[in-house]
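Here is the structure we will look at.
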Amino acid sequence: MGPKWFSRLLPSRYDGFVLALGGGGGRGLAHLGVLKALEARALRPDAIIGVSIGALFGAMYALRPDAEAIEQRALSFLRSETMANLQLPQLQQSDDDGGSFFDRWMALGRQSLLYMRAATDIALMDAELLITVADHLCAGRHFSDAKIPFSCVAVSFPQGACTVFDQGDLIHSVAASMAIPGIFAPVEVDGQRYVDGGMASEIPSLEARNRASDNQCVVAVNVGAKPSSAMRPSHMLGMLDWASLVKSYYLRRYDKEHAEVLIEPLVGDVQWDDFSHPEDEIARGYEAAEAKLDQLAELLGRD
């Protein structure tokens, strides 16, 4: 990938690679399939850098480089009572005639509370939720616990500076990288508040490039979705969600240029808060990675 003049300056063979895992919420489950495919070919990254959901799964694998084990840990969490009780915010696009009167009345009440909080606070949900998720899934509390060097990207609030964490408190750093502005409150790390790194780097391939040596290539995984004609917002927050999706789509086009190998699972129109079909997303990631592994093996001289 990248401009032709740039690729001519790069070596034709590399000693290893840095893996960059992008953000995408539920679509990021495809990262687990990518990790399984790499492991099946004995292609282990020299370092991992992630953003948002890519930071979570990247941290899990860096701490315990066993793709099958972290997949089972993630699936177990998604089926747990803890996950069921998280209740990620969902604003209705239209009236639903299904269900009982009580169900519709309760749904209306939840929507009213969300709208009230949206009008009076900077986020719909507390940062503690993300910290709990990261703490539950990551088998280590510090970057120094990682078996594979790991880093993650977040953006300082309100300064807006893109920040790469690679030492200290791993749990809060990963949580900060996942804190979608407006949905989750900023996460505090060492006295400074941070939000989702995807605000500045949807796919952390440039950050991976800056950390890679001359003899390491960058493998980037893009799990972003394209704007869909089926997406018809019926309220202001829905419109903001659409605008964010369009912005992300074009940011990713720039980010891709910094990777020698780009893996793009066919995640379709899966929404960021949809974790309902994890096996399907994992399978898409595995399939997409398999299609690129010959290219990576050739770059590494492992034909």
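Things worth noting here:
- Residue pairs whose Cβ atoms lie under 9 Å apart, sitting 6 or more positions apart in sequence or on different chains, and linking a residue in region 136-159 that is under 9 Å from Leu63 (Cα atoms) and part of a helix (DSSP H, G or I) to a partner that is small (Gly, Ala, Ser) and open to solvent by 70 Å² or more (accessible area, probe 1.4 Å), are Asp145/Ala139.
- Residue within region 234-247 that is within 16 Å of the chain's Cα centre (by Cα), within 19 Å of Val164 (Cα to Cα) and aliphatic (A, V, I, L, M) present: no
- Residue match in region 71-89 (condition: at pLDDT 90 or above, part of a helix (DSSP H, G or I), touching a helix residue (DSSP H, G or I) at 6+ places or on another chain (Cβ under 6 Å) and crowded, with 24+ Cβ neighbours inside 10 Å): no
- Looking across region 204-229, just one residue is open to solvent by 40 Å² or more (accessible area, probe 1.4 Å) and closer than 15 Å to Gly25 by Cα, and that is Lys226.
- When Thr163 is tested against (1) assigned to a loop (DSSP other than H, G, I, E, B); (2) among the polar types (S, T, N, Q); (3) under 17 Å from the mean Cα position of the chain (by Cα), exactly one condition is not met: (1).
- Filtering region 272-303 to residues that are surrounded by fewer than 17 Cβ atoms within 10 Å (Cβ to Cβ), at pLDDT 95 or above and over 12 Å from Val261 (Cα atoms) leaves only Glu287.
The values are calculated or read from the model by the stated rules, or taken from the named source; none is laboratory data. The model shown is predicted, which means the values in this text are computed figures rather than measured ones. For neighbour counting, all protein chains shown are included, and Cβ atoms are generated from backbone atoms with ideal geometry for every residue, glycine included. SASA here: full protein model, heavy atoms, side chains in, ligands and nucleic acids out. Shrake-Rupley method; radii C 1.70, N 1.55, O 1.52, S 1.80 Å.
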